[in-house]
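The values are calculated or read from the model by the stated rules, or taken from the named source; none is laboratory data. Since the structure is predicted, the reported quantities are computational estimates derived from the model, not experimental observations. Reconstructed Cβ throughout: ideal geometry from the backbone, glycine too, with neighbour counts over all protein chains shown.
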Ligand code: HEM
Ligand SMILES: [Cu+2]
C-alpha cells in the first residue's frame, strides 16, 4: 500500500530537494528554521538597541541607525519570526492532527514558503541602500513613511507585499485543508484546539492582509505617483493612514496570539493529565475574540483627536475583548485544578505563558482606559505591554510547542536538563527586560528614542542586562534543537503520558508520509469535546 | 475528480471571493472615510455648502458670545509669510462674517501654493459654512508678491450653545510636488 502512493521517481537530492519539496513536514521544517534564523537576526537588532540604551547618552550608534534598528526589529519579529513559526507548526501538525496525508495544496505550500526568504532578503538588503533602511517604526505611519522616508521605502513596500502574499496563500491552504481533509468521522467540534485556533487565525489573515496590501500600495502611490492619500497638502489625511493600518494591525496582534492559545490548550491538559476544561467555550471564546478584534482598532489612536463618542466606543469594545480572553485563562486554570501535574519543559513554558500573558493582558486593560492612555501612549509602558503578550506570550508558546513536538519530529526527547536551564534563564531574562519598562513608561520615558533623561537610567540598565541574559540564553534553544536532531533518549510514538490526539498514533519520528489511508476516528472515544 | 478535490476547489473559490471582497472593501474605505468625516464634521473637514444648508443656517440670526479664532501655518519650509488680519473675531451667529488674510512670498521665485483648512472642535465644523474662500484653490504668488485674500463665512444658527470658541486653522502648502491632486480641490 505504501508502495502505490510512493512517487515513481526518486525525489531530487541535496538542496534541490528542499527547494522543490511539497511535503508538509519538510515545508513545516523549512518554515520553522526560517523563523529561527529570523529570531536571531531580529534578536541581534534588539541587543543593539538595548546596548545603546544601557546608559543615557549616545555611545555606540547614531540615532539614524537606531531608528532603523527599532523598525527592522519590529518588522522582522512580527512578520519574519512569530508568524512563520506558527505557519511552520501548522504545516507540521494540522495534517497530523486531522488525519490528512498532506496539506490540501502542496505546491502552493512550497510557493508560499519560498516567498518568505525573498521578502526578508529584500527587506534586510535595504539596510545597505543609500539613505538606509526603513526608519519609521514597524507601524510606518505616513507621512513619516512617505514624505520623509528614505529612498529604500519602495523596496520595503515590495517586501511587505511579498510577505503578505505568502501569508494569504498559507492561510488559504490551511483553511482548505481543515475544511476538506479531516479524517472521516471528525466533525469541526472534534478538532484539537490548535487546529481550531489556526482555522480562525487563517480567516483573520485572509480578511486583513488585503488591507495591509492596500495601505502600502497607497503609500507607494503617494511616494512615486504624486497622489495624496495621506498628504494633507493635497487634501489627503494622515489620520486615514492610522485607521487603515490599525484596522489591519489590531487583528494582526490576535493573529500572533490565537495559535499560541491553541498550543497552550494542548500542553496544559497533557501535563495536568486531565481533559481540557470547557472545550466548547474555548472555541467560542476564540471566535468572539476574532470578531471583536475588528471593532477595537482605534484604541491605538486615542490621542489623534477622536471625538468623545468614538473614544468611548473603542474603550468599551477593547475592555469587552478582555472577557473572552479571561474565559481562556480561567479554563486553563480550571484544567490545572486537581490535575496530577508534572513539570516537563513544554509545561514549564506553557505555565509561564499563562502567567505572563495575563500580565500583558492586564496592562492592556490599563491602556484601554482613555484618560490613562493619554498618559501612557507612546511611552515604554506600551512597549512593556506588547512585549509581555508577544515574548513571554506568543514566543513562549511557540517554544513550548517546539519542545512538545520535537520528539515527534526527531524521534528523540529534547534534553530535559538543558531545556530547564533554557527555561529558567529565559523567564528571568524576559522579566528583567520587560518588567522595568512598565516603570520607565509610567515615569514618562518615550518609546523609540536612542537617548533618554537621567532619571530613567536605572530601569534601562536593568532592562539591558535582562535583554542580554534572554538573548544569549536562546543559544541554548539552538543547542537543544541541534542535539535533539542528532540523538538523545529515543521517544515512543506517544512520548508524553497524558497526550491525546491523532499525531501521537504515528511513529516517532513521524515518517515522511503519514495517514495515506485515513485513520479511524471515533468521536465517542477520541474527540476532545466528548462527554 | 474525487469528492475531496471538489471540496478543496469549492473552498478555494469561496476564499478567493472573500479576498476580492476585502480588496474592494479596502479601496472603498478611502472614499467612505471622507464621506464619514464630512457628514460628522470629524477631523475638521469642512462641509460642502449647498443652498438648503445656507437657508437653514441663516434662518435665525442672533447675537451670542462666540469667539472665532484664526490660526495660520506654513507647511514644509515654504518661504511664505501667511498672516491673519485678526487673531480672533466675534462673529454674528446666523449671519455673514468677513475677514482677511495676507500671503507674502519672501523668496525671489514664483510659487504655486494651496491652502488647506481645518475646523476645531469637530462638532462645530458642520455649522461653519464658507461662502467665499481661498481654501483648496491653487494660487500663484509671484516673487516678492504680497497678496490679500478675503474670507466670507457663515456661522449656522444651529451651532450648539456650549461651543464658546471655534478655531479655523489654515495651512499653506507648496503645490509643485503634488501635481496630480488638482481635481481633489473641488471645494
Ligand atoms: C486583554 C487584551 C488586550 C488589551 C485590552 C490591549 C490593549 C491595547 C491598547 C489600548 C494598546 C494601545 C496603547 C497605546 O499605543 O497607547 C495596545 C497596544 C498594543 N498591543 Fe495590546 N491589548 C491586548 C492584548 C494584546 C495582545 C494579545 C497582543 C499581541 C499578541 C497585543 C499587542 C499589542 C501591540 C503590538 C501594541 C502596540 C502597537 C504599537 O504601537 O507598536 N495586545 N494594546
Ligand atoms: Cu490593539
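Scanning for something at pLDDT 85 or above and buried (at least 18 other Cβ atoms within 10 Å of the Cβ), does segment B:127-135 turn up at least one residue? Scanning segment B:127-135, I find no residue that is at pLDDT 85 or above and buried (at least 18 other Cβ atoms within 10 Å of the Cβ), so the answer is no. Checked against the criterion of being under 28 Å from residue A:508 (Cβ atoms), buried (at least 24 other Cβ atoms within 10 Å of the Cβ) and within 16 Å of ligand 2 (Cβ to nearest atom), segment A:15-35 contains not a single residue that satisfies it. The lone criterion from (1) within 16 Å of ligand 1 (Cβ to nearest atom); (2) away from chain B (no Cβ under 14 Å); (3) farther than 21 Å from residue A:398 by Cα left unmet by residue A:260 is number (3). Being assigned to a helix (DSSP H, G or I) and away from every other protein chain (no Cβ under 14 Å) holds for only one residue in A:159, A:145, A:167, and it is A:159. Taken together, A:381, A:294, A:386, A:343 contain a single residue that is within 14 Å of another protein chain (Cβ to nearest Cβ), in contact with a helix residue (DSSP H, G or I) (Cβ under 9 Å, 6 or more places away or on another chain) and either assigned to a loop (DSSP other than H, G, I, E, B) or within 15 Å of ligand 2 (Cβ to nearest atom) (or both), which is A:294. Scanning segment A:340-383 for residues that are surrounded by fewer than 16 Cβ atoms within 10 Å (Cβ to Cβ), within 16 Å of ligand 1 (Cβ to nearest atom) and within 27 Å of residue A:424 (Cβ to Cβ) turns up A:355, A:362. The set of residues in segment A:304-314 that are more than 14 Å from ligand 2 (Cβ to nearest atom) and in a helix (DSSP H, G or I) comprises A:304, A:308, A:309, A:310, A:311, A:312, A:313. Within segment B:81-129, the set of residues being farther than 14 Å from residue B:165 by Cα and assigned to a loop (DSSP other than H, G, I, E, B) comprises B:85, B:86, B:94, B:95, B:106, B:107, B:108, B:109, B:110. Count of segment A:282-305 residues, restricted to those that are surrounded by 21 or more Cβ atoms within 10 Å (Cβ to Cβ), more than 28 Å from residue A:191 (Cα to Cα) and more than 9 Å from ligand 1 (Cβ to nearest atom), is 2. Within segment B:158-187, if we keep just the residues that are away from chain A (no Cβ under 14 Å) and surrounded by fewer than 19 Cβ atoms within 10 Å (Cβ to Cβ), the residue that is modelled with the lowest pLDDT turns out to be B:158. From the residues in segment A:224-242 that are more than 7 Å from chain B (Cβ to nearest Cβ) and buried (at least 23 other Cβ atoms within 10 Å of the Cβ), which one is modelled with the lowest pLDDT? Out of the qualifying residues, it is A:236. On the basis of being more than 22 Å from residue B:67 (Cβ to Cβ), assigned by TED's automatic domain parsing to the domain that holds residue B:87 and crowded, with 20+ Cβ neighbours inside 10 Å, does residue B:155 make the cut? No, not satisfied.
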